[in-house]
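Student: Below is a structure I'd like to ask you about.
The values are calculated or read from the model by the stated rules, or taken from the named source; none is laboratory data. A quick note: this is a predicted structure, and the numbers were derived from the prediction, not measured. In this analysis, Cβ positions are derived from the backbone assuming ideal geometry, glycine residues included, and neighbour counts consider all displayed protein chains. Remember, those area values only see protein heavy atoms, side chains included, never the ligands or the DNA or RNA. Shrake-Rupley method; radii C 1.70, N 1.55, O 1.52, S 1.80 Å.
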Amino acid sequence: MKKRDLYLYNTASGRKELFEPKNDPVQMYCCGPTVYNYAHIGNLRTYIFEDVLRRALRACGYNVRHIVNITDVGHLVSDADTGEDKMETGAAREGKSVWDIAAFYTAKFMDDISALNIQQPDLWPKATDYIPQMINMVKSLEEKGFTYRTDDGIYFDTARFPAYCDFAHLDPSSLRAGERVDMGDKRSVTDFALWKFSPKDSKRQMEWESPWGIGFPGWHIECSAMALKELSESIDIHCGGADHIRVHHTNEIAQSEAATGKQFAKYWLHGEFLVLDKGKMAKSGGNFVTVDKLKEQGINPLAYRMFCFSAHYRSPLSFSFEGVEASAHGLNNLKKTIAGLHSDESIIVDKEYLQKICKPFMDAVCDDLNMPRAIAAVWEVLHDKSINGAAKRLFIEEADKILGLDLFSVDEEKSSEIIEEIDGVKISIVFKGDLSNNLKDSLIEKVVSRKKSRAQRNFAEADRIRDLFAAAGVIVKDLPDGATQCVVDNQQKAEDLLK
Ligand code: AMP
Ligand code: ZN
């Protein structure tokens, strides 16, 4: 099948490149969550960008094998290989076992993923299931002379890998100047742990036998070992948040390429951060916003997905509840416009014509996933009077395969009903949100006056009131029990026209 041209910005080359994968299916690895706490919506911004990438690859005609790991051991509080394991601190915080913490936050993460319409990858490898593969990889690095031993672990000797600084354009002299950070027995500040020994004075909950002593893997080796086992030595795409460029991904490249002698990943894509006024949103910061928090505020998680499309994935995005609410409003407008499209089933939409309509949208997506432009392209099609409703609906079906916004779904906003009896007239009012007293009074007044006009055979007046209701978007029905029901769609409009 002919593939559509897709351009992606490759961190490794620092420019947009035409995507030309080595493998079929395309092999895509994304660094996954460390499951010691809830994922915050910043983390989830990164998974939304990766989800759009995978959907775009499929739409461009590629088969994809996509894996996202679960880090359930070895991610230390500090990138400098010091401090405690985040999983063990999570367990201590909650008085639970590390395994329980991992199971709980993995399940919570899965709920968030599905609330945001992020498609499941083909596999979720869990770091603790790959300890033998990690040990084998460290052994192979040791045999090739890339490691040394210190009191607390086996380290990768970055001096043996001359290309170490290339990927993140690190400046070796500035790195040396920063050597005041806790170095332990490391020879260089950039060296990193492949295997850490368990502390001598305390027992860890997660530890394994190894040729070097009881301990646990370093965080970086986890991703390399899982990618190697579940994909191959030379994969097509590797993704993560932009914070991973300098340390985690630089280390993954060094150890993988030292072990295999092959290019580890051809395309490296990084999502920029979701930021707060006061800086980045971080799990360790404590003040983070979760999907549950959005739901508590009455915000549909897909409004957050829409909010993420308001910036390019390589630009920082500033979070505010007002911003997400504006996106919720935008999403509702989009859905209402789509729900109102006239679709004549008898109209046959020509495939080539449909492709032509889809082109500006797909061009934006294929230009390094330019989602703000893609959303603008959706509105352009919807506003274009020369395109019929049937073609518009087919276009939205195609676009939503990438957007994942459930554009055809109808929101089930809860309705409330109040029933009043005035002068022997029973009235039921069905409405959404809070009913204002003004509107309630005008509705009652008009219903009562319509009943009286009918009883007095003043049909002209009864019809005038009926037309007024229709203009105000209020549907009036006479129920079998004699009550009159008023269904209010848009309270503001009804209030303006009925006052
Ligand atoms: P973690 O669970 O901390 O390992 O992070 C999971 C993913 O979220 C990684 O790809 C991080 O780079 C990414 N990430 C962390 N913080 C943010 C943020 N504020 N905005 C966007 N992505 C983030
Ligand atoms: Zn990783």
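Student: Considering only the range 184-212, how many residues are in contact (Cβ under 8 Å) with a residue 12 or more places away in the chain, surrounded by 14 or more Cβ atoms within 10 Å (Cβ to Cβ) and not β-branched (Val, Ile, Thr)?
Tutor: Final tally of qualifying residues: 17.
Student: Residues being out of contact with any Pro (no Cβ under 9 Å at 6 or more places or on another chain) and within 16 Å of ligand 2 (Cβ to nearest atom): count how many of those fall in the range 19-49.
Tutor: Adding up the residues that qualify gives 8.
Yes or no, residue by residue, for (1) surrounded by fewer than 16 Cβ atoms within 10 Å (Cβ to Cβ); (2) over 14 Å from the mean Cα position of the chain (by Cα):
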residue	(1), (2)
LYS293	yes, yes
GLN297	yes, yes
ARG305	no, no
CYS308	no, no
ALA311	no, no
ALA328	no, yes
LEU331	no, yes
LYS336	yes, yes
SER346	yes, yes
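Student: Right, here's the next one. Can you name every residue in the range 461-479 that is farther than 12 Å from VAL430 by Cβ and either modelled with pLDDT under 85 or open to solvent by 10 Å² or more (accessible area, probe 1.4 Å) (or both)?
Tutor: Within the range 461-479, GLU461, ASP463, ARG464, ARG466, ASP467, LEU468, ALA470, ALA471, GLY473, ASP478 meet the criteria.
Student: Just give me the residues in the range 480-499 being within 22 Å of ARG454 (Cα to Cα) and open to solvent by less than 50 Å² (accessible area, probe 1.4 Å), in sequence order.
Tutor: Once the filter is applied, which keeps residues that are within 22 Å of ARG454 (Cα to Cα) and open to solvent by less than 50 Å² (accessible area, probe 1.4 Å), the range 480-499 yields GLY482, ALA483, THR484, GLN485, CYS486, VAL487, LEU498.
Student: So, one more: Would you call GLU380 of a type in the set (Asp, Glu) and under 30 Å from ASP111 (Cα atoms)?
Tutor: In short, no.
Student: Being in contact (Cβ under 8 Å) with a residue 12 or more places away in the chain, under 30 Å from GLN485 (Cα atoms) and of a type in the set (Asp, Glu), is that true of even one residue in the range 390-413?
Tutor: Scanning the range 390-413, I find at least one residue that is in contact (Cβ under 8 Å) with a residue 12 or more places away in the chain, under 30 Å from GLN485 (Cα atoms) and of a type in the set (Asp, Glu), so the answer is yes.
Student: What is the number of the single condition among (1) open to solvent by 70 Å² or more (accessible area, probe 1.4 Å); (2) within 30 Å of CYS358 (Cα to Cα) that GLY389 does not meet?
Tutor: Against the list (1) open to solvent by 70 Å² or more (accessible area, probe 1.4 Å); (2) within 30 Å of CYS358 (Cα to Cα), GLY389 comes up short only on (1).
Student: Which condition number in (1) open to solvent by 10 Å² or more (accessible area, probe 1.4 Å); (2) farther than 30 Å from PHE319 by Cα is the one that THR11 fails?
Tutor: (2)
Student: Under 24 Å from ILE221 (Cα atoms), open to solvent by less than 30 Å² (accessible area, probe 1.4 Å) and part of a helix (DSSP H, G or I), is that true of LEU44?
Tutor: Yes; evaluated as a whole, the condition is true for this residue.
Student: Would you be able to say whether some residue in the range 336-344 is over 28 Å from HIS270 (Cβ atoms) and touching a residue at least 60 places away in the same chain (Cβ under 8 Å)?
Tutor: yes
Student: Conditions first: (1) surrounded by 24 or more Cβ atoms within 10 Å (Cβ to Cβ); (2) at pLDDT 95 or above. GLY218 passes all but one, so which condition is the exception?
Tutor: (2)
Student: Out of all the residues in the range 14-35, which are away from ligand 1 (no atom under 16 Å from the Cβ) and open to solvent by 10 Å² or more (accessible area, probe 1.4 Å)?
Tutor: GLY14, ARG15, LYS16, GLU17, LEU18, GLU20, PRO21, LYS22, ASN23, ASP24, PRO25, GLN27
Student: A further question follows. Check whether at least one residue in the range 234-255 is more than 16 Å from ligand 2 (Cβ to nearest atom) and open to solvent by 60 Å² or more (accessible area, probe 1.4 Å), and report yes or no.
Tutor: No, that holds for no residue.
Student: Can you list residue pairs whose Cβ atoms sit under 7 Å apart, with the first residue in the range 242-263 being acidic (Asp, Glu) and the second being more than 10 Å from ligand 1 (Cβ to nearest atom)? Count only pairs 6 or more apart in sequence or on different chains.
Tutor: Going by the 7 Å Cβ cut-off, the qualifying pairs are GLU252/HIS220; GLU252/CYS223; GLU252/SER224; GLU252/PHE264; GLU257/GLN263; GLU257/PHE264.
Student: Related question: Consider ASN69 against the criteria (1) among the polar types (S, T, N, Q); (2) open to solvent by 10 Å² or more (accessible area, probe 1.4 Å); (3) at pLDDT 95 or above: it satisfies all of them except one. Which criterion is unmet?
Tutor: Only one criterion in (1) among the polar types (S, T, N, Q); (2) open to solvent by 10 Å² or more (accessible area, probe 1.4 Å); (3) at pLDDT 95 or above is unmet by ASN69, namely (2).
Student: Now a separate question. Just give me the residues in the range 118-129 being part of a loop (DSSP other than H, G, I, E, B) and either over 16 Å from HIS66 (Cα atoms) or touching a strand residue (DSSP E or B) at 6+ places or on another chain (Cβ under 7 Å) (or both), in sequence order.
Tutor: PRO121, ASP122, TRP124, PRO125
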